[in-house]
1. So how far apart, in nm, are the two label points at Asp253 and Ser63 if each is 7 Å from Cα heading toward Cβ?
2. Considering the options Tyr301, Ser63, Gly6, tell which one lies farthest towards the positive end of the dipole of the chain, charges being +1 on Lys and Arg and -1 on Asp and Glu at the Cβ, about the Cα centre.
3. Can you tell me how the chain classifies by the Cα gyration tensor, rounded, prolate or oblate, using a/c under 1.5 as the rounded cut?
4. Expressed as a whole percentage, what fraction of the accessible surface of the range 12-144 belongs to carbon and sulfur atoms when a 1.4 Å probe is rolled over the protein heavy atoms?
5. Using Cα springs under 10 Å in a Gaussian network model of the chain, which residue among Ala261, Ala226, Ala153 shows the largest mean-square fluctuation?
6. Treating the beta-carbon of each Lys and Arg as +1 and of each Asp and Glu as -1, no other charges, what is the dipole magnitude of the range 1-73 about its Cα centre, to the nearest 20 debye?
7. Using the heavy atoms of the protein chains alone and a 1.4 angstrom probe, what is the accessible area of the chain per residue in square angstrom?
8. Rounded, prolate or oblate: which fits the range 165-293, taking a ≥ b ≥ c as square roots of the Cα gyration tensor eigenvalues, rounded meaning a/c under 1.5, else prolate when a/b beats b/c?
Amino acid sequence: MTVPLGLGLPQNHQYDVGRDVPEVARTAERIGYRSLWVYERALFPRPMTQGLFGIPGRPWPDSYRSVAEPLVTLSLAAAVTTRARLGTSVLVAPLHLPFQLAKSLATLDAASGGRVVAGFGTGWSLDEYATAGVRPFEQRGRVLDEVIEVCRAVWGPDPVSHEGATTRIAPSVVGPKPVRPIPILLAAGNQRALRRLVDHADGWQPLAVGAEETAAQWRQLQDLAAERGRTAPIRTVLRVNTAYTPERYEGRDRALFQGDAGQIVDDLAPHAAIGFDEIIVDLQQGARDAQELKEVAAEVYEKVRAAGM
């Protein structure tokens with residue numbers, strides 16, 4: 001049984017969004033990728049006021065200087081594909097008004113024939129919250145809770161109604177409806193976020209940080225689910241961010257998922273053995289252009305299948 005693979009779509013500054021997103025999406029589906037994914041980065045503060053992931057002094061990658069809006073990017077991919085699922089990994093949900101986000105995702109799902117997967121997170125950038133946050137950064141968890149509630153309501157039967165801290169929906173007919181209930185995945189890490197996932201979400205979207213640590217997180221989540229009496233399965237979609245290089249990386253301090261396609265696949269093998277339902281491989285940061293991204297995506301896919309993953 002081989003693990004389904006997803007591919008990150010080209011959103012960074014070296015790509016022409018209108019031309020490259022459809023071309024990469026078509027090619028990825030033809031190669032055999034089962035899903036196409038986008039991420040969210042709203043802005044790139046200059047000067048840097050906060051380190052990457054909130055870690056003091058850690059620089060933001062240059063790729064964050066320009067990141068195409070995720071739902072627009074997915075819409076471009078939806079228009080030229082027929083089978084691949086269309087996912088967010090992840091949307092920073094508290095940067096979006098809950099009702100508008102729910103309606104946009106429902107419309108995209110209806111237009112694509114039921115292929116949307118909604119991956120949500122709370123983010124970490126104070127600058128993004130100052131610019132676009134629905135509520136202050138400190139209230140991000142409560143906003144995410146309400147986003148999930150509003151999505152479930154809007155995607156469900158009419159009349160839709162909701163009364164919350166950020167959104168009030170008087171009994172209304174709201175359409176279009178998604179083709180089927182859109183799965184909600186959460187990029188949960190801490191205990192509170194994991195409880196939210198177990199109680200209210202369909203699945204988990206972790207970041208690959210090393211096979212042992214990732215497997216330990218998965219066991220922790222399974223234990224919590226058992227403790228809280230969850231019987232529904234938890235869908236698992238692992239995100240792998242790579243630092244692709246055309247040549248083999250020979251440095252002794254090589255980071256995880258850094259190097260050529262072979263090294264990336266070698267690092268992927270122990271993660272695949274954990275048993276995730278799907279793995280997203282994002283190769284866009286290292287590729288120089290869409291042509292190279294398509295070539296390395298094909299090479300990674302072939303090597304993964306040749307390795308029996």
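1. If labels sit at Asp253 and Ser63, their model points lie 2.1 nm apart.
2. Among Tyr301, Ser63, Gly6, the one farthest towards the positive end of the dipole of the chain is Gly6.
3. rounded
4. In the range 12-144, the share of accessible area belonging to carbon and sulfur is 53 percent.
5. It is Ala226.
6. Dipole size: approximately 140 debye.
7. Spelled out: the 1.4 Å probe surface of the chain, per residue, equals 45 Å².
8. Since a/c reaches 1.5 but b/c is at least a/b, the shape of the range 165-293 is classed as oblate.
The values are calculated or read from the model by the stated rules, or taken from the named source; none is laboratory data. Here the structure is a predicted model, which means the values were calculated and not measured. Note that each Cβ is placed from the backbone with ideal geometry, even for glycine, and that neighbours are counted across all protein chains shown. Just so you know, the surface numbers come from the protein's heavy atoms only, side chains and all, with ligands and any DNA or RNA stripped out. Shrake-Rupley method; radii C 1.70, N 1.55, O 1.52, S 1.80 Å.
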